[in-house]
Amino acid sequence: MNSSAPSAASVALLQSLVERIDVGIFAVDRAGSVALWNRFMAVHSGKSSANMLGQNLFAMFPELPRPWLEKKLESVFVLGNNAFTLWELRPYLFRFPHNRPLTGGLDAMRQNVTFLPLRTSGGEVTLVCGTIFDYTDTAMAQLGLHDAIAALNQEKDAQRQLIAKLETAQNQLLQSEKMASIGQLAAGIAHEINNPVGFVNSNLQTLKKYCEQMLKLIAAYQPAEARIDDPEILAEITAIKRALDLDFLQEDLPDLIKESEDGLFRIKKIVEDLKDFSHVDEADWQHADLNAGLDSTLNVVWNEVKYKATVDKNYGQLPAVECLAAQLNQVFMNLIVNAVQSLDESRGMGTITLSTGHQDDMVWVEVKDTGQGMSEDVQKRIFEPFFTTKPVGKGTGLGMSVSYNIVQKHHGRIELASVIGEGTRFRIWLPVKQGEPAAQ
């Protein structure tokens, strides 16, 4: 008896296992004829073993991917090695119906397929056995996981956008609160200065009138000096006139009063500019003169400008613009201050040019400087929140971001041109009337 030959009982057990195992098992020869077709294959294909044995696999299943499968089978016959295909790459080999109607979600069973060489005693590969593993549950779980991950990523993207919007809104709110506080402070200072300026101006006008009367009286007395007979009295008057330098006093006193009037006028102008800049009583949309707003803003920041730059003004005739005047003044202030800070003091006084113009239904305001200019990288990031080229602690990086948002709110746009070593030009375009957004 040959000990290497399997017993009849072993063969029967193996055949029973092949039939009962919950895995599809089939075998074909090199011509594609079916030599094995187990119960799993029969149940899911609807073709019994009796109907399949000896039949050509491709004739019985014309929907099979024949060129691919023939190539795969031939490689196993020739090389004698196992071959595989996974459901992630090829969802199924046999299009068996999806047999999970309650869970649903797939149109066909997902299959992992292994191709095994079956050899004769001489080692020749005469059959290739294919095993079909049902991976539908795994596929459904994995697809569900992918959907969950996609939904989670979508939710994360939405959260990122919401956080970005919240940060932008918070930045704008902080800057708006800051500017509102500055506006209220400016308005309060203007109000407080107005009171003493008012009575000082009133008193100065009275003093001017008194001085004019006194000088008129002195002028009337001077011709009478020649008629004074008492030499002592005449000598005393002459000494007093010399001590007081009366001639100079009569000439200089009107000039002093005139200079004081000019100073008071300057203070009153500053107060008016503070009021115009703050617009605390004008929080709603209104029609405003942008030339006047630019001038009032320049006067407010004049202390920053006067020692570092000369200012050239090229104002055009502008119509009244529907706007939030206080917010636009904030934009003008940011641009002027940035222009001043960009100047290289080692090169002496710089120049800041303020220009305005009107084209069709748009107006424009331009701030140009002869400063250091910006690189292309800086220009790309200049409107980002918290981006700043200033040293740590010297700037918040919010000025240009808030300015951009204010211009956007007005349905306008900002144009930027800058050359390293030559300077920078910002031009703001705004619609005269608020309506449809301007073309970007």
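Taken over the range 282-440, the alpha-carbon convex hull comes to 117 cubic angstrom per residue.
Filter Lys209/Lys268; Lys156/Lys380; Lys368/Lys409; Lys306/Lys380; Lys165/Lys308 down to the pairs with a C-alpha to C-alpha distance above 28 Å, please. As for pairs spanning more than 28 Å Cα to Cα, those are Lys306/Lys380; Lys165/Lys308.
The string of couplings for the range 249-263 from the Karplus curve (6.51, -1.76, 1.60, θ = phi - 60°) is 4, 5, 7, 7, 4, x, 5, 4, 5, 4, 5, 5, 5, 4, x Hz, one whole number per residue in order, with x for Gly and Pro.
Note that the range 84-89 has calculated 3J(HN,Hα) couplings of 9, 8, 9, 5, 5, 8 Hz, one per residue in order, obtained from phi through the Karplus relation 6.51 cos²θ - 1.76 cosθ + 1.60 (θ = phi - 60°); glycine and proline are x. The per residue volume of the convex hull around the alpha-carbon atoms of the range 212-260 is 69 Å³.
Amide H to amide H, with H built 1.01 Å from N, Leu36 comes under 5 Å of Ala27, counting only residues 5 or more places away or on other chains.
With an 8 Å cut-off on Cα pairs and a minimum separation of 6 or more residues, tell me the relative contact order of the range 282-440 in percent.
23 percent
Relative contact order, whole percent, for the range 8-134 stands at 25, derived from Cα pairs under 8 Å and 6 or more residues apart.
For Phe96, the residues whose amide H sits under 5 Å from its own are Met109, ignoring neighbours fewer than 5 places away on the same chain, with H placed 1.01 Å from N.
Close amide H pairs (under 5 Å, H built 1.01 Å from N) link Tyr135 with Arg110, Gln111, Asn112, residues at least 5 positions away or on another chain.
Length gain on complete extension for the stretch Phe265 to Glu415, per 0.36 nm per residue less the alpha carbon to alpha carbon distance?
Result for the pair: 50.3 nm of gain on full extension.
Throughout, read-outs are computed from the coordinates displayed, never taken from laboratory work. The model shown is predicted, which means the values in this text are computed figures rather than measured ones.
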